[in-house]
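Working notes, beginning with the structure itself.
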Amino acid sequence: MIPLIEFRDLYKLYPMGDTVVHAVDGISMKIYEGEFVAIVGQSGSGKSTCMNIIGCLDVPTHGSYFLGGKDVSKMNDNELAEIRNKMIGFIFQQYNLLAKLNVVENVEAPLIYAGAAKSDRRKRALEVLERVGLSDKIKNLPKQLSGGQQQRVSIARALAGKPKLLLCDEPTGALDSKTGKEVLQLLQEIHKEGNTVVLITHDNAIASKAERIIRLEDGKVVYDGPAKGAPKPVSVEDGGEG
């Protein structure tokens, strides 16, 4: 079985004066279609760099990254943009909704770039908005919604193109505890419907809601296994970028 995501001895290096920072330091890992995986680590662990590479927003310095069996580590910017549009649904901490568009138009936006017909765009947008419980808010602007509702719109937008992968960057980071739990529950339900979910987080409690945890420290994998019973990290989580 071909992995959906595969890192092969992957490095990302950043020159910093006289030194070189190994943001990702020789990682090899495989994530298969239908998994729910949390990549977790504190500031400087490499999790954000891994997310950018998985999302085709950055390329490795050395090693290979395969997405759906294709080596995307050698692709040019246009090829990466096409892969992002067709294969990956992004869910961000800050929602990234377009303020002047209403809810259904925000969900339709990536389908326009994908070249979908207008009638198909609207039909698909309404389907996914119903799925996330917002069919009564389709004419609202983002500013008229709560934080949790805005995140549900961003989840609907990510689902609209039927991507192979949902890539979630701290999706509960801007939400209160109760709303964050509701969003996590929605992601768990979406996963159970057959979607592949990769969750990037600094929070071990959030990571534990996935089925599998990949824990990073100093650009290396220090744990890769079931979320249930995963050992707690020795280092203190600080919630920063990594």
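Roughly how much of K86 is accessible, in Å² to the nearest 10, using a 1.4 Å probe?
130
Between rounded, prolate and oblate, where does the range 64-191 land on the alpha carbon gyration tensor, with a ≥ b ≥ c its root eigenvalues, rounded for a/c under 1.5, else prolate if a/b exceeds b/c? Write out the running numbers ahead of the final one.
Working: a/c = 1.98, a/b = 1.35, b/c = 1.47.
Oblate.
Greater than 29 Å separation of Cα atoms is the criterion. Which listed pairs, K70/K139; K47/K209; K86/K178; K74/K143; K74/K209; K74/K181, meet it?
Values: K70/K139 39 Å; K47/K209 17 Å; K86/K178 33 Å; K74/K143 40 Å; K74/K209 34 Å; K74/K181 38 Å.
The answer is K70/K139; K86/K178; K74/K143; K74/K209; K74/K181.
Find the Rg to Rh ratio for the chain, where Rh is the Kirkwood radius over alpha-carbon pairs and Rg uses the same atoms. Walk me through the numbers on the way to the answer.
On the way: Rg = 17.8 Å, Rh = 18.4 Å.
Rounded to two decimals, Rg over Rh is 0.97.
Give the Rg/Rh ratio for the range 135-241, taking Rg as the radius of gyration of the Cα atoms and Rh as the Kirkwood radius, to two decimals. Present the calculation step by step, with values, prior to reporting the outcome.
Numbers: Rg = 15.2 Å, Rh = 15.3 Å.
Checking Rg against Rh, the ratio lands at 1.00.
Counting only heavy atoms of protein chains, what accessible area per residue, in Å², does the chain have with a probe of 1.4 Å? Don't skip to the answer; put the middle values down first.
On the way: 11890 Å² over 242 residues.
Value for the chain: 49 Å² per residue.
Within the accessible area of the range 84-136, what % is carbon and sulfur when the probe is 1.4 Å and the other protein chains stay in place?
Numbers: 1580 of 3020 Å².
So the carbon and sulfur contribution to the accessible surface is 52 percent.
Could you give the dipole magnitude of the chain about its Cα centre, charging the beta-carbon of Lys and Arg +1 and that of Asp and Glu -1, in debye to the nearest 20? Please report the intermediate quantities before stating the final value.
Values: 31 positive and 31 negative charges, 192 e Å.
For the chain, the charge dipole is close to 920 debye.
Whole angstrom only: what separates the Cα centroid of the range 1-66 from the Cα centroid of the range 76-98?
After rounding, the separation between the Cα centres reads 17 Å.
Under a no-solvent Debye model with one identical scatterer per Cα of the range 79-137, what's log10 I(q)/I(0) at q = 0.15, 0.19, 0.30 Å⁻¹?
The computed values of log10 I(q)/I(0) come out as -0.48, -0.77, -1.35.
Are there DSSP H segments in the chain that both extend 24 Å or more along their axis (alpha-carbon positions) and score a mean Kyte-Doolittle hydropathy of at least -0.5? List them, or say none.
Taking the DSSP H segments of the chain (at least 24 Å long, mean hydropathy at least -0.5), we get none.
Taking only the alpha-carbon positions of the range 40-89 and ignoring solvent, what does the Debye formula give for the base-10 log of I(q)/I(0) at q = 0.14 Å⁻¹?
Once normalised to I(0) and log-transformed, intensities are -0.35.
In the range 33-117, how does Rg compare with the Kirkwood Rh, expressed as the Rg/Rh ratio over alpha carbon atoms? Could you put the intermediate results ahead of the total?
Numbers: Rg = 15.0 Å, Rh = 15.0 Å.
We get a ratio of 1.00 for the range 33-117.
The values are calculated or read from the model by the stated rules, or taken from the named source; none is laboratory data. In this text, all values refer to a predicted model and were calculated from it rather than measured experimentally. Neighbour counts are summed over all protein chains in view; Cβ atoms, including those assigned to glycine, are modelled from backbone coordinates with ideal geometry. The area values use the complete protein model at the heavy-atom level, side chains included, leaving out ligands, DNA and RNA. Shrake-Rupley method; radii C 1.70, N 1.55, O 1.52, S 1.80 Å.
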